[in-house]
Amino acid sequence: MGPPDKKPPFPVFDSWVRPGYHIVAGPRYDYSCNWLQIAENAQDPVHTAFLHTIVSGAQFTEEFGVVPELDYIETPLGLAYVATRRVGDNMWLRMVDSVLPNLMMVSPVWEDGKEIHPFDGPMMSRWIVPRDDRTTLQVEFRHVSDEQEVTPHWWANRVGMPGQMPDNRTYEQRQRGPGDFDAQIAQRPIAVHGLEHLATSDRGVILFRRQLRRGIRAVREGREPDGLLKQSAPVIPTYANDTVIRLPEADTLREDKLLMKETGLRLAKEYLKNPPLMD
Ligand SMILES: [Fe+2]
């Protein structure tokens, strides 16, 4: 994206040089729609509840079916969502990185929040590459643990994610059990933003569009956009992760939501200050 002579050096993220992990190339995904409606997936944890669980039956784990408490933080890379869910006495924090302009780092979809564990890092890094305004190629690295049983076999063996491949399902099947592919393509080849009714749960999407606009304006004025070009460190920290801690429920639902939101944000800020994969 952008003029070839402005191509930044190939980045090295901490999640790519992580001890005990290796990288496997994922399948490639060709989508017939504009890149932005695919990239906006990464700022929208609400769709993991509705699209991936409530409407279609659990495509990931049942625990994704709870609409999370939501917050967002701007990172040196772009932004990350901070989604917290209650799983019994545990609080499950999930963060996904949107790296400007078109890379997403997504935490494991097999998480269920039942086992307490620290920051676990991403399961993949995926570029959303526009071929033109109406067609997009997705290219992915999968982060696979060298240890058995940490990364599921299907993920290590390059099996596609549920609902993400163009397939031969009928229109009715796709309506009854939609996945990301159906939701993204069905917005038209180029989604019309004027037809949207954005809600509080779309704050991440709004923030991302604002960051993109800021970048577009910067380029137009001859400046460098925010994002990777700013990074001078040889290894760049990332923030995508699931963290599960014990956090017994507060007295009322309202207090509990606030408790989770505050605890999630506190952890996210700690990660921003001391990125766990940089240790
Ligand atoms: Fe999704």
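The numbers here are math on the coordinates, done by the rules we state, and not lab data. Bear in mind the structure is a predicted one, so any value in this text is a computation, not a measurement. Please note: Cβ atoms are built from the backbone with ideal geometry, for glycine as well, and neighbour counts cover all protein chains shown.
For residue 94, only one of the following conditions fails: (1) under 18 Å from the mean Cα position of the chain (by Cα); (2) part of a loop (DSSP other than H, G, I, E, B). What is its number? Every condition holds for residue 94 apart from (2).
Using the structure shown, decide if residue 16 is within 18 Å of the chain's Cα centre (by Cα), within 16 Å of the ligand (Cβ to nearest atom) and buried (at least 18 other Cβ atoms within 10 Å of the Cβ). In short, no.
Summed over the stretch 231-267, the residues that are within 21 Å of residue 278 (Cβ to Cβ), of a type in the set (A, V, I, L, M) and in a loop (DSSP other than H, G, I, E, B) give a count of 3.
Within the stretch 26-73, if we keep just the residues that are in a helix (DSSP H, G or I), in contact (Cβ under 8 Å) with a residue 60 or more places away in the chain and more than 14 Å from the ligand (Cβ to nearest atom), the residue that is surrounded by the most Cβ atoms within 10 Å (Cβ to Cβ) turns out to be 35.
Can you list the helices (runs of 4 or more DSSP H) lying wholly within the stretch 153-225 that have 2 or more residues being away from the ligand (no atom under 16 Å from the Cβ) and more than 22 Å from residue 77 (Cβ to Cβ)? Working first, answer last.
On the way: elements: 153-156, 171-176, 180-185, 203-220.
Where helices (runs of 4 or more DSSP H) fall fully within the stretch 153-225 and carry at least 2 residues being away from the ligand (no atom under 16 Å from the Cβ) and more than 22 Å from residue 77 (Cβ to Cβ), they are 153-156, 171-176.
Inspect all residues belonging to the stretch 127-146 and state whether any of them is of a type outside the set (D, E, K, R), in a helix (DSSP H, G or I) and under 20 Å from the mean Cα position of the chain (by Cα). There is no residue in the stretch 127-146 that is of a type outside the set (D, E, K, R), in a helix (DSSP H, G or I) and under 20 Å from the mean Cα position of the chain (by Cα). Of the residues making up the stretch 172-190, those that are of a type in the set (D, E, K, R) and in contact (Cβ under 8 Å) with a residue 40 or more places away in the chain number 3.
Condition (residue is more than 21 Å from residue 17 (Cβ to Cβ), of a type in the set (Gly, Ala, Ser) and under 22 Å from the mean Cα position of the chain (by Cα)) applied to the stretch 265-272: is it met by at least one residue? Yes.
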